1. Explain nothing, just the number: relative contact order of the stretch 99-315, from Cα pairs under 8 Å at least 6 residues apart, as a whole percent.
2. Give the distance, in whole Å, between the Cα centre of the stretch 191-210 and the Cα centre of the stretch 376-409.
3. Ranked by Cβ crowding within 10 angstrom, fewest neighbours first, how are Thr176, Thr86, Thr209, Thr138 ordered?
4. Each residue of the stretch 369-376 in turn: what ³J(HN,Hα) in whole Hz from Karplus with 6.51, -1.76, 1.60 and θ = phi - 60°, glycine and Pro shown as x?
5. Using only the alpha carbons of the stretch 237-386, what is the convex hull's orientation-averaged projected area in square nanometres?
6. Between Ser224 and Asp186, what length in nm is gained on full extension when 0.36 nm per residue of separation is reduced by their alpha carbon distance?
7. Determine the gain in length on full extension of the stretch Phe370-Ala415; use 0.36 nm per residue of separation and subtract their C-alpha separation, reporting nm with one decimal.
8. Pairs of alpha-carbon atoms within less than 8 angstrom and 6+ residues apart define the contacts here; what relative contact order does the chain have, in percent?
Amino acid sequence: MVKVPGPFKTPPSIKLDPKPLAEVPAEPLSPAQGGARAPLSASRRSEIPVFEVMQITDEVGRRRHAGHDVVSLCAGEPSARPAPGTLQPAGYTGPLGTTPLREAIAGHYRSWYGVEVDPARVAVTTGSSGAFQLVFLTAFDPGDRVALVSPGYPAYRNILTALGIHVVEIASGPATRYQPTPELLDEAVREHGDLAGLIVASPANPTGTMLGRSELAAITAWCSARGVRFISDEIYHGITFADPAVPQRDRRGVSAIELDGEAIVINSFSKYWGMTGWRLGWALLPEDMVAPFEALASNFALSPPAPAQELAMRSFSDETYEERDRVVEGFARARALILEAESSLNWGTAAPSDGAFYYYSELGPQLERFGDSSSYARALLEGADVAVVPGGDFDPVAGHRAVRLSYAAGEAAVAEALDRIIRFQG
Ligand SMILES: Cc1ncc(COP(=O)(O)O)c(C=O)c1O
């Protein structure tokens, strides 16, 4: 019997209780004089939850190491894009990336979205995660209010919180395709006060839902009328399964930059290009943010990784787009398997999975048996060696009723996982 650690819970942060006053000598000796060290503790900024997906991924690794045949629908990670046999020796690059790559990224906006972007406004970063840190630092001050929807990608909330920025969570659901609307934003302002920013992802994680051109335009217009910085996370562009009614030009996702030249667009080589481990992303910045962003980037990161930038230069050819589109066709087949199995899964309401290789569903009748999605996920991993992610990370209020499946694992893994889940539920 393999021993697995207890439920997926954020370990409580270790706090050292300060000594009771009575025990502290009136004039304590310094550590150099042989006195006791004053108790140290981690910063209050670091009191944010760990990303549960990464903990479960770790646990999947442990179970595999112990001989279990685990099927993981946990991490949002496509199989890695083949790397060239040789890369050039690499030194630092400019803090915003190499000029050829910044120009190539601008060219990507021309070819996918028909928009001219000045390469000087392109900042290459260490993944989109690096872009979030630098964009939030550049755009907001401690105490500012920034809105996002729940369920949503947990790192937005956690990075903002660590930076002392107030997070305004907008509860969303099927009525708005789990996306914000001007009405929901008005309501958030009435309840919490003026916003400094809004973060939106389309396709979104964990729901996979997308905003159409007119819905996105309504949101960018709402923000620009009120001086609210609009941040569009477009990391899942290109991984879309749009219905045939969506016009061809919008099928890969509508970029906020098409609608509002002042929008901050964040993207990454991780998902469509399958380069998660290379840690490379980018931001399109409004002109007023370029110099302050560069000041921060040059201190925080010095430069984005050079070998990754060299590989990324090979991302925008017709040949690479075709290769990546074939990978997306594989995701589409895996997605179809889940949609076909919906009634046998016997779960509750699911978000429409428009893109981003995620399927987010309430557990419905399964909750009566398992209590909540954390217990369900734990029982499924122990009983059937299938890893799924409970929704609590994505939605602190209602996520305990939902799970996320990532079908980036591919058709065979998804077929096997569905089989096991259905047998496990009996
Ligand atoms: C919505 C979203 N944004 C950003 C990221 C971060 O990706 P990276 O830092 O690899 O670019 C992820 C990763 O899963 C994501 O789901």
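1. Values: 373 pairs, mean separation 52.5, N = 217.
Across the stretch 99-315, relative contact order equals 24 percent.
2. 22
3. With the sparsest Cβ surroundings first, the list reads Thr86, Thr176, Thr138, Thr209.
4. Per-residue couplings from phi come out as 8, 9, x, 9, 6, 5, 5, 4 Hz.
5. Numbers: hull surface 51.9 nm².
Mean shadow area of the hull around the Cα atoms is 13.0 nm².
6. Stretched fully, the Ser224-Asp186 segment lengthens by 12.3 nm.
7. 13.9 nm
8. Value for the chain: 21 percent.
None of the figures in this text is laboratory data; all of them are computed from the coordinates on show. Here the structure is a predicted model, which is why all the values come from computation and not from measurement. Neighbour counts run over all protein chains shown; Cβ positions are idealised from the backbone, glycine included.
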